[in-house]
Number of protein chains: 2
Amino acid sequence: MANAIRVLAMDAVEAAKSGHPGMPMGMADVATVLFTRFMTFDAATPRWHDRDRFVLSAGHGSMLIYALAHLLGYERMTIDQIKRFRQLHSLTPGHPEVDPSIGVEMTTGPLGQGISTAVGMALAERITNARFGDDLVNHFTYVIASDGDLMEGVSHEACSLAGHLQLGRLIVLWDDNRISIDGPTTLSFTDDTQARFRAYGWDVQAVDGHDPEAVAAAIEAARATHTPSLIACRTIIGKGAPNKANSHNAHGAPLGADEVAATRSVLGWPHEAFVVPDEVLAAWRAAGRRGADAVAAWTKRFEALDGHARKAFADAMDKAVPGALPELIDAFKRKVSAEKPSWATRVASGNVLDVLVPGIPELIGGSADLTPSNNTKAKNSADVQGRGSFAGRYVRYGVREHGMAATMNGMALHGGVIPYGGTFMQFADYCRPSIRLAALMKQRVVFVMTHDSIGLGEDGPTHQPVEHLAALRAIPNLLVMRPADAVETAECWQIALERRDAPSLLALTRQNVPTVRTEHRAENLSAKGAYVLAEADGERRVTLLSTGSEIGLAMEARATLQAEGIGTAVVSMPCWALFEAQTAAEQEAVLGTGVRVAVEAAVRLGWDRWIGPKGGFVGMTGFGESAPYQDLYRHFGITADAVVAAAKERL
Amino acid sequence: MANAIRVLAMDAVEAAKSGHPGMPMGMADVATVLFTRFMTFDAATPRWHDRDRFVLSAGHGSMLIYALAHLLGYERMTIDQIKRFRQLHSLTPGHPEVDPSIGVEMTTGPLGQGISTAVGMALAERITNARFGDDLVNHFTYVIASDGDLMEGVSHEACSLAGHLQLGRLIVLWDDNRISIDGPTTLSFTDDTQARFRAYGWDVQAVDGHDPEAVAAAIEAARATHTPSLIACRTIIGKGAPNKANSHNAHGAPLGADEVAATRSVLGWPHEAFVVPDEVLAAWRAAGRRGADAVAAWTKRFEALDGHARKAFADAMDKAVPGALPELIDAFKRKVSAEKPSWATRVASGNVLDVLVPGIPELIGGSADLTPSNNTKAKNSADVQGRGSFAGRYVRYGVREHGMAATMNGMALHGGVIPYGGTFMQFADYCRPSIRLAALMKQRVVFVMTHDSIGLGEDGPTHQPVEHLAALRAIPNLLVMRPADAVETAECWQIALERRDAPSLLALTRQNVPTVRTEHRAENLSAKGAYVLAEADGERRVTLLSTGSEIGLAMEARATLQAEGIGTAVVSMPCWALFEAQTAAEQEAVLGTGVRVAVEAAVRLGWDRWIGPKGGFVGMTGFGESAPYQDLYRHFGITADAVVAAAKERL
């Protein structure tokens, strides 16, 4: 059965003329043990909520998961798809792309992401188990990881967290083949990896990855522990290829026609390319249905629940928009538009969460050790303790921004929870590969990024984002939102939670800002991306475009211009991506046809699209400085006077 | 003497009304032992090349290093500067900013960066030692790191590398105070850190951080080992503050007037704020000169060298532009403009390096385990083996992109070497916090980023940068360069090495591109940022703007348009940042006044500045796909025909 994986992998890479045969051939034995003896799933019901999760962290070995999907009988993964490996619109792209219908639980390829995201799946499993009980949620998360995965810092962060939380349902099978692209791993790597994982609080075993009984015994033992488990599977990369096995030549390139033929002969596999004999296929197909009884039993238990419990579970797992959301947001907006507080938007966000968290049980918060700064912990919400106790609503991620982001992705992928987590916006850079992956995988994750400009003041340029808004706006399918006040903050939270197929990032101030949305509107104005916050008195000759904390400056500048008889509108642009989705006519109505000046305490990149070639921009041109924030705004010339001057110059 | 640090830290934070008193107060004893007994340096000759390096990785505890600088007698660090802590234009910003004249070897604050960058300093020390010998280069690198530093993934990567290379001159003093912002570190962190570092191949000791003799004995022992050393210094955060010590209340906020007074009383320090009694100051000032004899002896040895040796050392350490550079580049350009190869620009870069590395001994290359893909290893250059042998020119960084980038920053800061290192451009995201820090610190580091678009083909969207060019262009003081062919690639290397105060990032193709610079020009045309590569025949009505691999499409489109009698120029824009530095008139001359269409296989963000409101853009609008690259260009409509159509629409 394992040889079927080897041959399909080798043949597909050969046909595509690119790809990685070595890893699937090396891990074929381990994967066969895992899928024929342990994984509880049913290829005919691939989205069954209580299935064991499998993550191929070493995504370059994608043919392993595709071969498995075909052999196990996932309907869509036909042999034709295998033949179209790495071709446009196939189900078999170069690296696996999330699609549970073919057993691919997440997109992998960037090393370290898979294993780290799996930590989030295992955590979400325990959190949903704590809410819904063993009858509905009771499964394992398995990972195949490579040497490269374990060298990446993100895996260190996430595995340290997994050890801390004692995620006993997480089992990592490490493809300990000691070969990387440059050559033997000893060129650059001499960690005692087993000792390192023990230091994280994991249990660790080491086995011959080509000895099925040894692998099975290790998995059995790993399932019984209360800690996450690493099983070091000593394997030979490209096993079966007589001349290229155990060398980096088997890693990332086709074996070549001669070596393919020689491998067939070594493996005793006389069949043509892509042909799997019936009896082997039948054995695999039976393995693919080994969870069918479990699915049936689970379904019976599920259907025995009352309607309310069924709906609560289904809504959570199917990632519905929380029913309570619109009312909670509306009440909050009504209240703050009347009370007009001068809160920092991070404080506003904290106050929104105080309302949302009790009303929406799926919300699971956290922070990378900046809880009191990020305002991410709702009043009275308890910590997820781990170590057997997963009933809380708040995760202490530690100083592990990247690990946090990957973990949140895993939680979203698993379902049952809606993860949000905070750090300083400067450290969005630390999380960036995971933020990108959330966008690529279309996952509802909310990144709460506070201290979003020079407005954080004294902490200085290492902590002051200046390029981050532009850099984040560049990521496709990420909603970057920079609300101007408490009302917009609530609206942005609503957008983030309603958007089921995209992550959101909230850029929030450290410093206080005035409430500018002082008249209650039921409509979510921020959902248009940009809107006229204050129309001109008289003919509109100037439009001031701004976001977040600089909206206050724009409003001041408007008052000055209006006092001089110059009709001036202020447009708030909390989310460019949503505004880009509006029609050209809608955009033009908002932007106006007169003079445009933008003000944002960040670099100009991207603003030219909105201000046009003659427009003005008041913002940053380089890094910040350390000083009280009022001094910095003056020092960098980001003032209402500068906005007025830029407008008048252009009139 | 340690209390002088405590009191200055506490007073400065109090005056600034913000900052972190706890860490300096906790580590005052350790720092006192280090600086009065071990650090070899002379505050009166702060830039002495053979000084021991000290990195305060826990940059939030900046008052520790400022207090030290003042007490040790660095001339510029007056008590007035201490009083102006965290104020505009002071030498005492919220987090330390690189300035060797006050003993600040690097900018710290983003956790994990300091310790990781120190790895590069220690590596550069050994590499320059291998080149110049013990007489000139023979020093230690000391680090004070916090719990947070050790939780960050980047420190894991760099420390694993340091262990592999056996950087015995690296000694990390870990402030093991077990308090983080959220509370006790046990909230989120239960690693056995000592075991973890042993697993990296470090030697590890643990001491009471308030017992000077124990600390001294540990440092003494650490200096004698052949591996990097971690000394866990068990300390009490905010030590001396009777009510706030050992709690997160001492971490990141002023102690308050009452607690400051109480601390003075506990410490038996009756002096007013910012006053250090003469005898204490005198003892510190003496410590600040303890390396004066070493400097004198070193200077004698240096001056005894012949002129050639002196110049070679001084040029390397003073970060001169390599003298051999212009000639090497010119010869290369002459050759390839005549031969017109169809190389991928990554191949061109490799060929440039084959010329530069033998001619410029400062160049130290490397790759994060993508050597054969990044083409970063020059022919016949040997590996830096570590483990006692540092004579090579190439570092095997392993799958540690972030650690590589931080290490390169440290090498540049140390001096004596010019580091460059490669990975896939997609993984620029993994390095981003260190890339930013290189820009902020104005360090000459060259990031070689290959596989820079959908042009990498089958590896698919996880590996295809689409937003990365925009996101990197947003970083101030980073030269993002995307050369079009082998000639521009050589020019970009020249720019990168000539620019002493900024890092450069080369975006290079996987796929082949034609040579478009077929006529030799001695001038470095790329240095203008953008230039007319092909002027219109007849009146210029259309200007096509492009970079890198899409220049070929622009040239094809130009041919079509010219054939229809439409005068069309092609502008190559290898580096926006350099073009932005040109005058408006120069820019206009290049961009032309007619129709403009840009073509780049990346997102539009930022292009509006160059194409104007009526301009056309042919590029990406979302993530890529997995397929042969020719299929992808067609699929996404990035073709010469599309460029032609966009131009004609606008005529």
**Fill in**
Within segment A:398-423, the residues that are hydrophobic (A, V, I, L, M, F, W, C), more than 9 Å from chain B (Cβ to nearest Cβ) and not in a helix (DSSP H, G or I) are A:Val417, A:Ile418
**Complete:** Of the residues in segment A:249-280 that are among the small types (Gly, Ala, Ser) and at positive phi, the one that is surrounded by the fewest Cβ atoms within 10 Å (Cβ to Cβ) is A:Gly268
**Request:** Looking only at segment A:348-355, decide whether some residue is closer than 20 Å to B:Ile181 by Cα, buried (at least 19 other Cβ atoms within 10 Å of the Cβ) and touching a residue at least 40 places away in the same chain (Cβ under 8 Å).
**Result:** yes
**Request:** State which residue is surrounded by the fewest Cβ atoms within 10 Å (Cβ to Cβ) when the search covers only segment B:382-409 and only residues that are within 14 Å of B:Ala124 (Cβ to Cβ) and polar (S, T, N, Q).
**Result:** B:Asn409
**Asked** For segment B:611-628, does any single residue satisfy the condition of being charged (D, E, K, R), within 11 Å of chain A (Cβ to nearest Cβ) and outside any loop (DSSP other than H, G, I, E, B)?
**Response** no
**Request:** Could you tell me whether any residue of segment A:482-490 is among the basic types (Lys, Arg), more than 12 Å from chain B (Cβ to nearest Cβ) and within 30 Å of A:Ala320 (Cα to Cα)?
**Result:** yes
**Prompt:** B:Val466: modelled with pLDDT of 95 or more, within 11 Å of chain A (Cβ to nearest Cβ) and not in a helix (DSSP H, G or I), yes or no?
**Reply:** yes
**Item:** Residue match in segment B:357-380 (condition: modelled with pLDDT under 95 and either part of a loop (DSSP other than H, G, I, E, B) or out of contact with any Cys (no Cβ under 7 Å at 6 or more places or on another chain) (or both))
**Value:** yes
**Message:** Only one of A:Arg301, A:Arg289 is within 31 Å of the chain's Cα centre (by Cα) and at pLDDT 95 or above. Can you tell me which?
**Reply:** A:Arg289
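Results for (1) out of contact with any Pro (no Cβ under 9 Å at 6 or more places or on another chain); (2) over 27 Å from B:Glu152 (Cβ atoms); (3) crowded, with 24+ Cβ neighbours inside 10 Å; (4) free of Cβ contacts under 8 Å to residues at least 40 places away in the same chain, shown as yes or no for each residue.
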{"site": "B:Asp42", "(1), (2), (3), (4)": "yes, yes, no, no"}
{"site": "B:Asp80", "(1), (2), (3), (4)": "yes, yes, no, yes"}
{"site": "B:His89", "(1), (2), (3), (4)": "yes, yes, no, yes"}
{"site": "B:Gly109", "(1), (2), (3), (4)": "no, no, yes, no"}
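Looking at B:Ile144, B:Ile79, can you tell me which residue is away from every other protein chain (no Cβ under 14 Å) and farther than 30 Å from B:Tyr420 by Cα?
Just one listed residue meets the conditions, B:Ile79.
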**Prompt:** Scanning segment A:432-457 for residues that are basic (Lys, Arg) and not in a loop (DSSP other than H, G, I, E, B), which turns out nearest to the other protein chains (Cβ to nearest Cβ)?
**Reply:** A:Arg432
**Request:** Report the residue count in segment A:46-89 for those that are assigned to a loop (DSSP other than H, G, I, E, B) and within 25 Å of the chain's Cα centre (by Cα).
**Result:** 12
**Asked** When you look at B:Met27, is it touching a Leu at 6+ places or on another chain (Cβ under 7 Å) and over 30 Å from B:Leu136 (Cβ atoms), yes or no?
**Response** yes
**Message:** Here are the criteria: (1) more than 8 Å from every other protein chain (Cβ to nearest Cβ); (2) within 25 Å of B:Gly22 (Cβ to Cβ); (3) β-branched (Val, Ile, Thr). Tell me which single one B:Ile127 does not satisfy.
**Reply:** (2)
**Message:** What pairs come out if I take residues in segment B:387-416 that are at positive phi and pair them with residues that are of a type outside the set (Gly, Ala, Ser) and not in a loop (DSSP other than H, G, I, E, B) whose C-beta lies under 6 Å away, six or more apart or interchain?
**Reply:** B:Gly398/A:Met151; B:Gly415/B:Met317; B:Gly416/B:Thr128; B:Gly416/B:Met317
**Number of positions in segment B:629-643 that are more than 13 Å from chain A (Cβ to nearest Cβ) and surrounded by 16 or more Cβ atoms within 10 Å (Cβ to Cβ)** = 5
**Prompt:** Which ones in segment A:11-24 are more than 12 Å from every other protein chain (Cβ to nearest Cβ) and closer than 18 Å to A:Asn177 by Cα?
**Reply:** A:Pro21, A:Gly22, A:Met23, A:Pro24
**Message:** Tell me which helices (runs of 4 or more DSSP H) are completely within segment B:208-325 and hold 1 or more residues being of a type in the set (Gly, Ala, Ser) and closer than 29 Å to B:Arg198 by Cβ, or say none if there are none.
**Reply:** B:212-223
**Asked** among the β-branched types (Val, Ile, Thr), in contact with a strand residue (DSSP E or B) (Cβ under 9 Å, 6 or more places away or on another chain) and closer than 30 Å to B:Phe313 by Cβ - does that describe any residue in segment B:387-401?
**Response** yes
**Prompt:** Given the residues A:Val603, A:Val597, which is the only one that is surrounded by 18 or more Cβ atoms within 10 Å (Cβ to Cβ), among the hydrophobic types (A, V, I, L, M, F, W, C) and more than 11 Å from chain B (Cβ to nearest Cβ)?
**Reply:** A:Val597
**Request:** Might you check whether a residue that is surrounded by fewer than 24 Cβ atoms within 10 Å (Cβ to Cβ) and within 14 Å of chain B (Cβ to nearest Cβ) occurs anywhere in segment A:97-105?
**Result:** yes
**Message:** Within segment B:157-181, take every residue that is closer than 24 Å to A:Leu187 by Cα and without any contact (Cβ under 8 Å) to a residue 60 or more places away in the chain and give me the one that is nearest to the other protein chains (Cβ to nearest Cβ).
**Reply:** B:Leu170
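The values are calculated or read from the model by the stated rules, or taken from the named source; none is laboratory data. Not measured: the values here are computed from a predicted model. So basically every Cβ, Gly included, is an ideal-geometry build from the backbone, and we count neighbours across all protein chains shown.
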